[in-house]
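The values are calculated or read from the model by the stated rules, or taken from the named source; none is laboratory data. Given the structure is predicted, the values throughout are model-derived calculations rather than measurements. Neighbour counts run over all protein chains shown; Cβ positions are idealised from the backbone, glycine included. Calculation scope for accessible area: heavy atoms of the full protein, side chains included, ligands and nucleic acids excluded. Shrake-Rupley method; radii C 1.70, N 1.55, O 1.52, S 1.80 Å.
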Amino acid sequence: MHVPTEQRHGVPSLGVAVALVMVGIASVQLGAGFAKTLFDEVSPTGIVWLRLATSTVVLLLIARPRWRGRSRADWLTAIGFGATLGLMNWAIYQSFSRIPIGVAVTIEFIGPLLLAAVGFRRARDLAWVGLAALGVVLLGAERSTLDPVGVAFALLAGAAWAGYILLSAHTGRRWEGLDGLAVASLVAVCLLSPGLALTDTGELIDPRILLVGAAVGLLSSVVPYSAELVALRRLPPATFGVLMSLEPAAAALAGLIVVGEELHGLQWAAIGCVVVASIGATRATRQPVQAEIPPT
């Protein structure tokens, strides 16, 4: 029997690759929803630490990075990558604790979107930035229901996301396979650890909290990382970027299903604006930045 070459080499079909990306998106946002259910018992910092610690252990076991023979530039790149990874996750979970998940992810998405605008070749493509700005204005129309501190944390997460995208490319050139991501995750865990002394030293030894935190780590990091790694063997970066643009809508649905967060009509319209703007920006750039989007 003839077996297609792409299947023999572990390359999925187009349909399977798209399904894997969608599974990754759903997994990330469900993880965020389950994390939010613990915020009454554990601080966002504690949940982020549990999530990153879980994914770090798994990544280190899978990648088994080479530690010796690394240059100073290699280590500085990995440390910077880890710092942005930790800041991005810490800030967005701080935002989740204050505003709806869908709104937080929508605001956060502005960071990668503005970074994509740097690659625009035509002035008319700036219309996508304008559409995203309209989304932000629509969210502002509902400002009476939004905690401004939560909005600020979402903006900080978006800025860190843009930095993560830039540093991921440098890390990929200096570290093989998943080595750089594994080391960066370890750096992020180390940087967040001192904060635990001020928040959750007692709560984190609760077996139930540990179990749910580990599940969040698997849902938000391990499952999507693995699914996207396989999917990218088949999908062009532009197609991957378009699919990832559905993140804000998926986040809103996860917030509704898991946490019961109901959004107003203008908030759904704002999410729609940002999703469409992100799709348009992805198609307008030569090398879409969404191809480097990590789970948040």
(request) Take region 71-92 and flag every residue that is open to solvent by 30 Å² or more (accessible area, probe 1.4 Å) and either hydrophobic (A, V, I, L, M, F, W, C) or in a loop (DSSP other than H, G, I, E, B) (or both). (result) SER71, ALA73, TRP75, LEU76, ILE79, ALA83, LEU87, TRP90
(request) Select, from ALA116, ALA141, ALA123, the only residue that is open to solvent by 40 Å² or more (accessible area, probe 1.4 Å), modelled with pLDDT under 80 and in contact with a helix residue (DSSP H, G or I) (Cβ under 9 Å, 6 or more places away or on another chain). (result) ALA141
(request) Within region 52-106, track down each residue that is in contact with a Lys or Arg (Cβ under 9 Å, 6 or more places away or on another chain) and either more than 27 Å from VAL258 (Cβ to Cβ) or among the hydrophobic types (A, V, I, L, M, F, W, C) (or both). (result) ARG70, SER71, ALA73, ASP74, THR77, ALA78, PHE96, ILE101, ALA104
(message) Among the listed residues LEU60, LEU50, identify the single one that is in contact (Cβ under 8 Å) with a residue 12 or more places away in the chain, surrounded by 20 or more Cβ atoms within 10 Å (Cβ to Cβ) and within 22 Å of LEU192 (Cβ to Cβ).
(response) LEU50
(request) Six or more apart or on different chains, Cβ under 6 Å: which pairs go from a residue in region 12-27 that's more than 16 Å from VAL242 (Cβ to Cβ) and hydrophobic (A, V, I, L, M, F, W, C) to one that's modelled with pLDDT under 85 and in a helix (DSSP H, G or I)? Could you list them? (result) VAL23/ALA227
(request) Name every residue in region 169-194 that is more than 18 Å from SER55 (Cα to Cα) and of a type in the set (A, V, I, L, M), in order of residue number. (result) ALA169
